[in-house]
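Engineer: Structure provided below as structure tokens; questions to follow.
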Amino acid sequence: MRGTVMLIDDEAMIRQSTEQWLKIAGFEVLSFDNAEAGLVALDEQFPGIIVSDVKMPGMDGLALMAEAQQRIPELPVILITGHGDVDMAIKAMREGAYDFIEKPFVPERLVETIHRACEKRRLMLENLRLQQDLSSQTGLDAKIIGTSPAIQRLKRELLKCAELDTNVIIYGETGTGKELVAQCLHEFSARNGNNFVPLNCGAIPEALIESELFGHEAGAFTSADKQRVGKFEYANGGTLFLDEIEIMPVNLQVKLLRALQEGVIERLGSNKPIAVDLRVVAASKVDLKTDEAFRQDLYYRLNVTQLHIPPLREREEDIVLLFEHYARHAAAQHERELRRATAQDIQNLEQYNWPGNVRELRNVAIRYALDGSLPVADILYPPEPMLAIEAEESTLPLAAQVANFESKVISASLSRHQGNIKAVLEELDLPRRTLNQKMAKYGLNRADFLTGEE
């Protein structure tokens, strides 16, 4: 069935012939000879559209459209008239008519228009259903949003892993939600009464990461003016989440392996062993088993269980659901009226490839909710910024112009990759130390480019 059509026309012959044609074309047809009778059959659950004559005894087509759309906002209404009135057509379209067709009409054109209107109505109903699903979710379903087979499988595997209390590696592309999955592993485990401690290995300079993990004593190094508890110690009894673990330096991988094997750490500057009991959840975008820079003995220590988070393009059923979730949250947080996605917005969301995954979708939804002037298409496909030299810059010495341009290139790459240092290194073909030096030189902070939690 291609859709449901409520057909209203006071002329019996035209109504009957149109009904017959629409049924042959595959539509379900509800036929009425006056607007009042049609409105009696119209409720919020009506799955179709309205096709109505304009000139009728009693309530005319324009009044019918106004009443119908008051009951069901944005309900597609196609108006038909034998009176060639251009002003009426313009008025009808301004007031919300989906289309305006003159008699005698070409049946094929009417069928095509009705088909497009029914598709719009289908998307509207799907959107409404997703909103209702969101409001009724609890437990893990309220935290990891989605109904697709891929995400349902992930939820089942996550709950099994949570019960096992073993180390876990989470694999997933940037922006798929690795930290959220790690948090859920902790929350649904027996360790949920203790700390969940996240650490992004790619966000901390190599010289500081050992101190971040194991802590230090006062005087352990130049700037260590007081004792500091490290992430391992702080996560004792709970869960330590190591994101982007593939970036961890090899020398630190050895110390991490020792801590996991022995359940003991030592703060920098101390010889006193500290026993720790914790679960380590590591996350990576690459396969650690085949990564030559990652120690295999550490890999096997971490790889008791694996979870694979599907990219958004493999869970298309969840795109609109997630979009509505983030848009609703943003509107409530900023005390804005919830903006409903149009059928065209939904179509653009479903056709986009989402290279930034859920993180990118979240950002689009927030901007959509807070800026009522922008359709989804304008957010997804903005004009590319120009890296041109400003007029006032052209008077600077060459070295200053080159430095300004270099700063803009690095900033643009950080923005494109949402602060992902490894991706920036690959794109710009720079050594890690060189990028760190240039970011420090130009005052670029990775945290300024992070657009949300994984």
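Engineer: Mind checking which residues of region 1-20 are in a helix (DSSP H, G or I) and loosely packed, with under 15 Cβ neighbours inside 10 Å?
Structural biologist: Hits for region 1-20 are ALA12, MET13, GLN16, SER17, GLN20.
Engineer: Out of region 240-262, which residues are open to solvent by less than 70 Å² (accessible area, probe 1.4 Å), more than 25 Å from the chain's Cα centre (by Cα) and either over 19 Å from ALA293 (Cβ atoms) or not aliphatic (A, V, I, L, M) (or both)?
Structural biologist: Selection gives LEU240, PRO249, GLN253, ALA259.
Engineer: How many residues are within 17 Å of ARG2 (Cα to Cα) and of a type in the set (Gly, Ala, Ser) when one looks only at region 16-71?
Structural biologist: Number of matching residues: 4.
Engineer: Identify the residue in region 153-184 that is among the small types (Gly, Ala, Ser) and closer than 19 Å to LEU361 by Cβ and, among all such residues, is surrounded by the most Cβ atoms within 10 Å (Cβ to Cβ).
Structural biologist: GLY177
Engineer: Follow-up. If you scan region 263-280, which residues turn out to be over 21 Å from ALA190 (Cα atoms) and either within 40 Å of the chain's Cα centre (by Cα) or in a loop (DSSP other than H, G, I, E, B) (or both)?
Structural biologist: VAL264, ILE265, GLU266, ARG267, GLY269, SER270, ASN271, LYS272, PRO273
Engineer: Same structure, new question: Can you go through SER52, SER31 and tell me which one is touching an Asp or Glu at 6+ places or on another chain (Cβ under 6 Å) and among the polar types (S, T, N, Q)?
Structural biologist: Just a single option satisfies the conditions, and that option is SER31.
Engineer: Condition first: out of contact with any strand residue (DSSP E or B) (no Cβ under 7 Å at 6 or more places or on another chain) and either in a helix (DSSP H, G or I) or open to solvent by less than 50 Å² (accessible area, probe 1.4 Å) (or both). Now tell me which residues in region 97-108 satisfy that.
Structural biologist: PRO107, GLU108
Engineer: Quick one: how many residues across region 12-33 are touching a strand residue (DSSP E or B) at 6+ places or on another chain (Cβ under 7 Å) and touching a residue at least 24 places away in the same chain (Cβ under 8 Å)?
Structural biologist: The number of residues fulfilling the criteria is 8.
Engineer: Have a look at GLU206, GLU187 and point out the one that is within 29 Å of the chain's Cα centre (by Cα), surrounded by fewer than 18 Cβ atoms within 10 Å (Cβ to Cβ) and of a type outside the set (Val, Ile, Thr). Lay out the reasoning, then the answer.
Structural biologist: Working: GLU206 fails: within 29 Å of the chain's Cα centre (by Cα).
Criteria check complete, one pass: GLU187.
The values are calculated or read from the model by the stated rules, or taken from the named source; none is laboratory data. Keep in mind it's a predicted model, so treat the numbers as computed, not measured. Note that each Cβ is placed from the backbone with ideal geometry, even for glycine, and that neighbours are counted across all protein chains shown. Remember, those area values only see protein heavy atoms, side chains included, never the ligands or the DNA or RNA. Shrake-Rupley method; radii C 1.70, N 1.55, O 1.52, S 1.80 Å.
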